[in-house]
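To start, I am sharing the structure in question, which I have written as structure tokens.
Just so you know, all these numbers are worked out from the coordinates, no wet-lab data involved. All values reported here derive from a predicted model rather than from experimental measurement. A quick note on method: Cβ atoms are made from the backbone with ideal geometry, for glycine too, and the neighbour counts reach across all protein chains shown.
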């Protein structure tokens with residue numbers, strides 16, 4: 001699997017230009033850090049990681065069916081991007097899978113991949129063991145399935161935890177935000193796999209559970225570069241200090257993400273970074 005920290009080229013949805021103030025700050029920041037980026041054509045929303053393929057090797061991309069249940073209503077179906085159109089325009093060849101799976105629900109390691117059980121919910125006619133077996137064949141790594149957050153309509157793992165190293169995960173400091181039973185189930189799965197955990201402050205908006213405010217774990221990582229979202233929150237400074245300690249060799253930048261977080265996603269959600277030959 002290609003890890004985020006191995007990537008050097010960033011793609012963003014062309015729809016990101018509709019968030020004019022945010023995109024102006026983001027593009028200026030990327031240019032100042034000499035991060036090469038391009039805009040993906042023919043996209044219908046800004047959440048690029050979800051509909052674009054998963055890079056498992058320098059020359060191998062796996063395209064899953066992009067048909068998330070939360071976009072199937074009449075209200076949202078027009079915002080569902082067709083990845084075939086996008087990839088045709090950028091000349092990208094892919095391996096296709098019939099599994100319905102969003103890219104935001106895949107946390108990549110070299111020897112493992114972590115997904116939430118939302119993948120089972122969206123593929124109800126396929127036995128769970130078969131889904132796992134197919135994913136392991138496509139990724140050539142062990143697949144670990146964790147319980148999704150109870151109130152997250154996307155069911156994505158990238159709002160819960162992230163790769164730090166092969167034995168260690170960054171994870172939301174859930175505190176008392178979620179039920180004791182849920183936290184116990186999640187901890188049990190991760191402990192069974194032998195992971196060490198580093199907690200990252202988590203400050204969700206209790207009045208808007210569909211918002212991604214305070215989800216610092218949804219940062220952008222590329223080779224020697226991290227972009228951390230801020231939310232005009234008291235925890236912002238503490239989070240930056242934690243990341244500076246965790247990633248002493250990386251350039252760490254911040255950006256006010258309130259303009260996009262209100263719609264349920266943050267920086268990992270809008271990004272499709274890849275490694276190039």
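Please compute the contact order of region 118-216 in relative form: average sequence separation of alpha-carbon pairs under 8 Å and at least six residues apart, divided by the residue count, as a percent.
Normalised by residue count, the contact order of region 118-216 is 23 percent.
Does region 61-107 come out rounded, prolate or oblate by the C-alpha gyration tensor, with a ≥ b ≥ c the root eigenvalues, rounded set by a/c under 1.5 and, if not, prolate when a/b is larger than b/c and oblate if not?
It is oblate, given that a/c is not under 1.5 and a/b is not larger than b/c.
By its C-alpha gyration tensor, with a ≥ b ≥ c as the square roots of the eigenvalues, how is region 133-277 shaped: rounded for a/c under 1.5, else prolate for a/b larger than b/c, else oblate?
Cα axes put region 133-277 in the rounded bin.
Once you have a ≥ b ≥ c as the square roots of the Cα gyration tensor eigenvalues for region 124-179, tell me rounded if a/c is under 1.5, and otherwise prolate or oblate according to whether a/b is larger than b/c.
Oblate, since a/c reaches 1.5 and b/c is not below a/b.
Once region 1-59 is represented by equal point scatterers at the alpha-carbon sites, with solvent omitted, what log10 I(q)/I(0) does the Debye formula produce at q = 0.15, 0.22, 0.27 Å⁻¹?
Treating every Cα as an identical point scatterer, log10 I(q)/I(0) equals -0.50, -0.99, -1.22.
Give me the extension gain from residue 59 to residue 19: residue separation times 0.36 nm, minus the current Cα-Cα distance, reported in nm with one decimal.
My answer for the length gained is 11.2 nm.
Rank by packing, highest mean first: peptides 52-60, 23-31, with packing defined as the count of other Cβ atoms within 10 Å averaged across residues.
Descending mean neighbour count gives 52-60, 23-31.
Packing-wise, with mean Cβ within 10 Å as the measure, how do 2-11, 66-75, 194-203 rank, highest first?
Per-residue Cβ counts within 10 Å, averaged per peptide and sorted highest first, yield 2-11, 194-203, 66-75.
Also, I was wondering about something else. Counting only DSSP beta bridges with both residues in the chain, what percent are antiparallel, rounded to the nearest 5?
Approximately 40 percent, going by the DSSP bridge assignments.
Could I have the simple spin-label model distance between residue 117 and residue 27, label points 7 Å from Cα toward Cβ, reported in nm to one decimal?
About 4.4 nm, to one decimal.
Before anything else, pin down the relative contact order of the chain: Cα pairs under 8 Å, at least 6 apart, normalised by residue count, whole percent.
RCO, the chain: 23 percent.
Would you mind computing Rg(Cα) / (2.2 N^0.38 Å) for region 4-274, counting N as its residues?
Normalised Cα radius of gyration, region 4-274: 0.95.
Rounded to the nearest 500, what is the chain's calculated 222 nm mean residue ellipticity when only DSSP H runs of at least 4 contribute -39500 (n - 2.57) each, over all residues?
-7000 deg cm²/dmol
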